[in-house]
Amino acid sequence: MKKSRWLRKGHIVLFVAMCVLMVLVTEPISADRTTAEYNALMDRVQETEQLPVIVTLDLKTPFQPEGRLSAMAVKAQRTAIATAQAELSQQLLPYGARVYVEYEVFPLLAVVADEAALRFLTTSPLVTGIEEDVAVPVALLSSTAVIGAPATWSQGYDGSGWAVVVLDNGIDSNHPFLTGRMPAEYCFSNANGAGAGVSLCPNGAPYDTSADVEIPACSVSTPGDLCSHGSHVAGIAGGADNGGVPGYNGVAPDAQVIPIQVFTRFNSGCSPTSPCTLSYSSDQLLALQYIFTTLRLSHNISSVNMSLGGGQYYTACDGNSLKMAIDSLLSVGIATIIASGNEGWSDSIAAPGCISTAVTVGATTDGDTVASFSNSNALVDLLAPGVAIDSSVPNDSYGSKQGTSMATPSCRRSLGRAEGSQPHRYPRRDFGRFAAIWYQCDRWPQRANPVAYPTGSGGSCAATRHVGR
């Protein structure tokens, strides 16, 4: 049987998804942590002696995403964050704890703590939450014609004028599939130097202005082969045919792609084989903060792609520290699009896709069914092809991969804006308030309540059909 492929010659399609969410009030992370959660942290620190954790600070008033604040209120909130960070850092000095990240925009502190320091943190009135700074893998399991919307190309929905940021394990910086369309790169690796692995930044430091993977740390057999995932995802999001090679495009071939390396190399302890790349939450937070404070000011960013994750969650995980960053980007009109994971669960998904204000994406086959490996539950927002997907890989090559990682970059915000268009109602949230009205809706999860698609200046949603579970 001929292998199904989404990105192939003659089947170039833009899957345009409206992925900007309704602005929601951000609640502070609850101070109520179960005994089981704290016991789990204590067990971990007893095993490792030193444990990197992300601490959420009490600002006395709820944290608000800066996109909803005045300039004066932004300044006041940042001052409150810095004050709380300084106070807790001072109190940690007798315990010998090491602070390795102070976030400018979020009331968070990343700390390497021993058992005594961790016990102090669990009782401190300055602290409302503690989580381990875990390192998670890419959402990889081992096409455009399936989505069925070639008309969008002729109407100009090709990504022109927009940029997508890809948080992943780097990119082949001179790959012809993305030539001339990477206006910026960046790298945050190895938990700002506090991690247990090897930095994947080209300069060997915890941060760099390059995300190139053709470096020794990203290579095992061929240049960049350990870090091929990020190049593949970036190609799906915005690759462009270059003189007939490879003979197909990504979903937004005229968009800019901004890669940020957020992974770390681990030479042992990987499953199923070592070496591998994993991503610390603290590095993801640094990258999301950089997008908010710096990149969005000079680039017209539509969305952030995160094809990564770990853990198992049956309900929303809004205590996750990444929610503050996702909500902050949302407050300025940038959607964060995250893979649901590849364990084949029918009732649960991975973090950070379980955050309620993320856009969570599962995978389908070319046969129009949910892929057997794709995690699913009520938190999954969109479905897109994720089986046997061709795209770029390092060393100027091309290859096929599958997983919800491959489905996630298919979700792209369209170019048109429709503020004030009649919103449609989606069971989890309202996508219609700020974003464009163009979709290709072949891959919406089946819901108990139907989705009423909007009409407006950009047209109506074409070729809609639901995919049953």
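The values are calculated or read from the model by the stated rules, or taken from the named source; none is laboratory data. None of the values given here were measured: they were computed from a predicted structure. FYI the Cβ positions are ideal-geometry reconstructions off the backbone, even for glycines, and counts take in every protein chain you see. Remember, those area values only see protein heavy atoms, side chains included, never the ligands or the DNA or RNA. Shrake-Rupley method; radii C 1.70, N 1.55, O 1.52, S 1.80 Å.
Inside the range 248-278, can you point out the residues that are assigned to a loop (DSSP other than H, G, I, E, B) and open to solvent by less than 10 Å² (accessible area, probe 1.4 Å)?
Gly250, Val251, Ala252, Pro253, Ala255, Val262, Phe263
In contact with a Cys (Cβ under 9 Å, 6 or more places away or on another chain) and either buried (at least 21 other Cβ atoms within 10 Å of the Cβ) or at pLDDT 95 or above (or both): is that true of Pro94 in this structure? The answer is no for Pro94.
From the list Ala350, Ala384, exactly one residue is modelled with pLDDT of 95 or more and either surrounded by fewer than 24 Cβ atoms within 10 Å (Cβ to Cβ) or in a strand (DSSP E or B) (or both). Which is it? Lay out the reasoning, then the answer.
Details: Ala384 fails: modelled with pLDDT of 95 or more.
Result of the check over Ala350, Ala384: Ala350.
The C-beta contact set for the range 249-268 (first residue charged (D, E, K, R), second residue open to solvent by less than 10 Å² (accessible area, probe 1.4 Å), distance under 7 angstrom, 6+ apart or interchain) comprises Asp254/Gly159; Arg265/Leu200. Of all residues in the range 39-67, those satisfying the criterion of being assigned to a strand (DSSP E or B) and out of contact with any Pro (no Cβ under 7 Å at 6 or more places or on another chain) are Leu51, Pro52, Val53, Ile54, Val55.
Taken over the range 170-209, the criterion of being under 19 Å from the mean Cα position of the chain (by Cα), hydroxyl-bearing (Ser, Thr, Tyr) and assigned to a loop (DSSP other than H, G, I, E, B) is satisfied by Ser189 alone. Look through the range 210-229, keep the residues that are touching a Gly at 6+ places or on another chain (Cβ under 7 Å) and assigned to a loop (DSSP other than H, G, I, E, B), and return whichever of them is farthest from Tyr280 (Cα to Cα). The qualifying residue farthest from Tyr280 (Cα to Cα) is Glu214. Determine whether Asn320 is part of a loop (DSSP other than H, G, I, E, B), within 14 Å of the chain's Cα centre (by Cα), crowded, with 21+ Cβ neighbours inside 10 Å and not charged (D, E, K, R). Answer is yes for this residue. Once the range 159-169 is narrowed to residues that are open to solvent by less than 10 Å² (accessible area, probe 1.4 Å) and outside any strand (DSSP E or B), the residue that is modelled with the lowest pLDDT is Gly159. Quick check, is Glu419 out of contact with any Cys (no Cβ under 6 Å at 6 or more places or on another chain), at pLDDT below 90 and open to solvent by 20 Å² or more (accessible area, probe 1.4 Å)? Yes. Within the range 323-347, the set of residues being more than 30 Å from Leu69 (Cβ to Cβ) and crowded, with 24+ Cβ neighbours inside 10 Å comprises Ala339, Ser340, Gly341, Asn342. For the range 231-247, the set of residues classified as surrounded by 24 or more Cβ atoms within 10 Å (Cβ to Cβ) and under 15 Å from Asp396 (Cβ atoms) consists of Ser231, His232, Ala234, Gly235, Gly239, listed by residue number. Scanning the range 282-308 for residues that are under 22 Å from Gly195 (Cβ atoms), open to solvent by less than 10 Å² (accessible area, probe 1.4 Å) and either out of contact with any helix residue (DSSP H, G or I) (no Cβ under 8 Å at 6 or more places or on another chain) or not β-branched (Val, Ile, Thr) (or both) yields a count of 9. Give the residue that is modelled with the highest pLDDT, with candidates limited to residues of the range 136-147 that are outside any loop (DSSP other than H, G, I, E, B) and surrounded by 24 or more Cβ atoms within 10 Å (Cβ to Cβ). Here the answer is Val138. Residues that are aromatic (Phe, Trp, Tyr), at pLDDT 95 or above and at negative phi do not occur anywhere in the range 148-158.
Put simply, of Ala82, Ala76 the only residue that is part of a helix (DSSP H, G or I) and within 24 Å of Asp318 (Cα to Cα) is Ala82. What single numbered condition from (1) under 29 Å from Tyr103 (Cβ atoms); (2) open to solvent by 20 Å² or more (accessible area, probe 1.4 Å) fails to hold for Asp225? Among (1) under 29 Å from Tyr103 (Cβ atoms); (2) open to solvent by 20 Å² or more (accessible area, probe 1.4 Å), the lone unmet condition for Asp225 is (1).
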